[in-house]
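S.K.: Structure provided below as structure tokens; questions to follow.
The values are calculated or read from the model by the stated rules, or taken from the named source; none is laboratory data. The structure presented is a predicted model; accordingly, all values stated were derived computationally and were not measured. All Cβ positions, glycine included, derive from the backbone under ideal geometry; neighbour counts span all protein chains shown. For accessibility, only protein heavy atoms count, side chains too; no ligands or nucleic acids. Shrake-Rupley method; radii C 1.70, N 1.55, O 1.52, S 1.80 Å.
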Amino acid sequence: MEALDIARWQFGIVTVYHFLMVPLTIGLGILVALLQGRWRKTGDEAYLRMTKFWGKLFLINFIMGVATGIVQEFQFGMAWSEYSRFVGDVFGAPLAMEALLAFFVESTFLGLWIFGWKKLPPKIHHACLWIAVAGSIVSAYFILVANSWMQHPVGVDLIEGRPVMVDAWAVFSNNTAIVAFFHTITGALAVAGGFLLGISWYHLWRRRRDGIDTVDAQGRVVVGESDRIAGRDKKDHAVWITSLRLGAVVAMVAFAGTAISGDVQAKLMFDQQPMKMAAAEGACHDGTGFSVLSIGNLGSQDCDDVVAVMEVPGLLSFLANGDFTTEVRGVNTLVPEYQQNYGTHLPDNPIYGDRAGQEIDYLPVMAVTYWGFRIMIGFGGLAAAAAAAALWLTRKGTVPQSRNLMRLALLGILAPFGANAAGWIFTEMGRQPFVVVPNPAMSGIDQVFMFTAAAVSPGVGPGEVIFSLVALTCVYAVLLVVEVKLLSKYVRGGVVSAMPELAGTTSKDGGSGTSASPDDDVLAFAY
């Protein structure tokens, strides 16, 4: 394998791993802020418990997200220096704003929230969390601005072979970035909703298993308390049933949001990156039908090997143009257009090394784009359907006693994560062979694009990249074990794991618990 291939594997592994943390941090942060606001408004201790329990898991995930995200920017200099030179004038601005503004705002105010319990006035303390959450959202927007410029370059002039920003507003208001931002935020909320649903189902099931909660003749829950297990009182039931139903509603609404923003995003892609969408649909020939299922030789890039088994007439035209009759260009039509516009072979330029003069394959890996697109939609729809089923099954106040349903609920947490990861893999793999995709609206010598083959660092050999790939993968594997163990520990511990003061104290309603203003050590929550 060449250094280019290994560097792409490294960037893909690191990025996908990091993005497992990002949507949960954004989505869960929003929900924790809402729960704290509800506690401040109602004074209901159940909302305080929810705030601290889900807030604890939010902090664990946030810390791991920071640790894994730092490596991201170092890769640009280590393995992708030619890319960094080419896009630095544009790419540097949103990345600098993300680091200097959004990240420090996020970190500072999150620290105030962690250590500010009972130290800051309630309104100020709650505002700190909202500012931290807003910082994470702004941070995501700046990253998406940078990524979207790679997908659809705007606001630049080509000066001495490099794009130079001449219109900052065009870069930061890129329609690709705006749509991707809403798609990402709704995807993050879908992850958080599924997270709340699965964990809450587990705890309600444990209450049923331990005999704390029972059901009457009509199947309605009879909420009980445990004298043996700290914190398993009536408020504990309220924590889990409220969290479950909140998570289910959020997951369903978020899926609707991703569907709407995804439809807009798909229409943009058909216009801006037609080859990506043709590959995603397995559309080798011009037509109007959407392929529900196509089969072919795995790994083959020959359109003659692709056969549509199940197709919906007119649906592809609707996804691309909003009507059912306009034909959408297929791969066989697009390839000659790309060859005419961007060449048939890589330029004979030293920057390409041994790849100079090689024939350019403009078709992305069809198996990855085709199935990545469907896995994204399938997992998202599955998570929404599971959320609707959960609302129905818990309408009487608890969950069924079935162990298998509980396992499915926990397994279902992974579905929106899978949808997010598949969506990003599809987005990034689908723009190959470009690292900066040509803007179809541009023409002539001012056209801005860069082949991935030209982006890798020329002085880096395969051995060096293999070493960093193996090292980073091993470190990230260890971090994954650490995160899973930490999350599992505090999930199994329940609310008491985030509020140790619940153990051995008495609440106002007579069970083991605490009042709405417990006299506890703030460091117990922080650590």
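S.K.: Of everything in the range 348-374, what is open to solvent by 50 Å² or more (accessible area, probe 1.4 Å) and more than 30 Å from G418 (Cβ to Cβ)? Give them in sequence order.
M.R.: D348, N349, P350, I351, D354, Q358, E359 - these are the residues of the range 348-374 that are open to solvent by 50 Å² or more (accessible area, probe 1.4 Å) and more than 30 Å from G418 (Cβ to Cβ).
S.K.: Would it be correct to say that D157 is in contact with an Asp or Glu (Cβ under 8 Å, 6 or more places away or on another chain) and not basic (K, R)?
M.R.: For D157, the condition - in contact with an Asp or Glu (Cβ under 8 Å, 6 or more places away or on another chain) and not basic (K, R) - is met.
S.K.: Continuing with the same structure: Going through the range 385-417 one residue at a time, which ones are over 24 Å from I212 (Cα atoms) and not hydrophobic (A, V, I, L, M, F, W, C)?
M.R.: Selection gives G412, P416.
S.K.: Now a separate question. How many residues are surrounded by 22 or more Cβ atoms within 10 Å (Cβ to Cβ), among the small types (G, A, S) and more than 19 Å from M366 (Cβ to Cβ) if we restrict to the range 418-442?
M.R.: 1
S.K.: Then there's this: Which one of these does G231 not meet: (1) under 28 Å from G29 (Cβ atoms); (2) open to solvent by less than 60 Å² (accessible area, probe 1.4 Å); (3) out of contact with any Gly (no Cβ under 9 Å at 6 or more places or on another chain); (4) not polar (S, T, N, Q)?
M.R.: (3)
S.K.: Output the number of the condition that D210 fails; it satisfies all remaining conditions of (1) in contact with a Lys or Arg (Cβ under 9 Å, 6 or more places away or on another chain); (2) open to solvent by less than 40 Å² (accessible area, probe 1.4 Å); (3) not hydroxyl-bearing (S, T, Y).
M.R.: Single failed check for D210: (2).
S.K.: So how many residues does the range 330-350 have that are among the small types (G, A, S) and closer than 16 Å to Q432 by Cβ?
M.R.: Residues meeting the conditions: 1.
S.K.: Looking only at the range 322-380, which residues are of a type outside the set (A, V, I, L, M), in a loop (DSSP other than H, G, I, E, B) and within 31 Å of the chain's Cα centre (by Cα)?
M.R.: Residues satisfying the conditions are G322, D323, R329, G330, D361, Y362, P364.
S.K.: Could you run through the range 463-488 and say how many residues are touching a helix residue (DSSP H, G or I) at 6+ places or on another chain (Cβ under 7 Å) and either open to solvent by 60 Å² or more (accessible area, probe 1.4 Å) or under 27 Å from F58 (Cα atoms) (or both)?
M.R.: Residues that pass the stated criteria total 8.
S.K.: From the list S294, S261, exactly one residue is within 30 Å of T333 (Cβ to Cβ), of a type in the set (S, T, N, Q), modelled with pLDDT under 85 and not in a loop (DSSP other than H, G, I, E, B). Which is it?
M.R.: Values: S261 fails: modelled with pLDDT under 85.
The conditions single out S294.
S.K.: Another one. Checking A477 against (1) within 21 Å of the chain's Cα centre (by Cα); (2) touching a residue at least 60 places away in the same chain (Cβ under 8 Å): exactly one of these is not met. Which one?
M.R.: (2)
S.K.: Residue by residue through the range 58-116, note down the ones that are among the acidic types (D, E) and open to solvent by less than 30 Å² (accessible area, probe 1.4 Å).
M.R.: Within the range 58-116, E98, E106 meet the criteria.
S.K.: Pairs only if they're at least six apart or on different chains, beta carbon under 8 angstrom, first in the range 254-276 and without any contact (Cβ under 8 Å) to a residue 60 or more places away in the chain and among the aromatic types (F, W, Y), second surrounded by 20 or more Cβ atoms within 10 Å (Cβ to Cβ) and part of a helix (DSSP H, G or I); list them, first residue then second.
M.R.: If the second residue must be surrounded by 20 or more Cβ atoms within 10 Å (Cβ to Cβ) and part of a helix (DSSP H, G or I), the pairs left are F270/M277; F270/A320.
S.K.: OK, next. Name every residue in the range 135-166 that is in contact with a Gly (Cβ under 7 Å, 6 or more places away or on another chain) and either closer than 19 Å to Q272 by Cα or open to solvent by 20 Å² or more (accessible area, probe 1.4 Å) (or both), in order of residue number.
M.R.: Matches in the range 135-166: M165, V166.
S.K.: Evaluate the following for V145: is it within 25 Å of P416 (Cβ to Cβ) and among the β-branched types (V, I, T)?
M.R.: Details: within 25 Å of P416 (Cβ to Cβ): yes; among the β-branched types (V, I, T): yes.
For V145, the condition - within 25 Å of P416 (Cβ to Cβ) and among the β-branched types (V, I, T) - is met.
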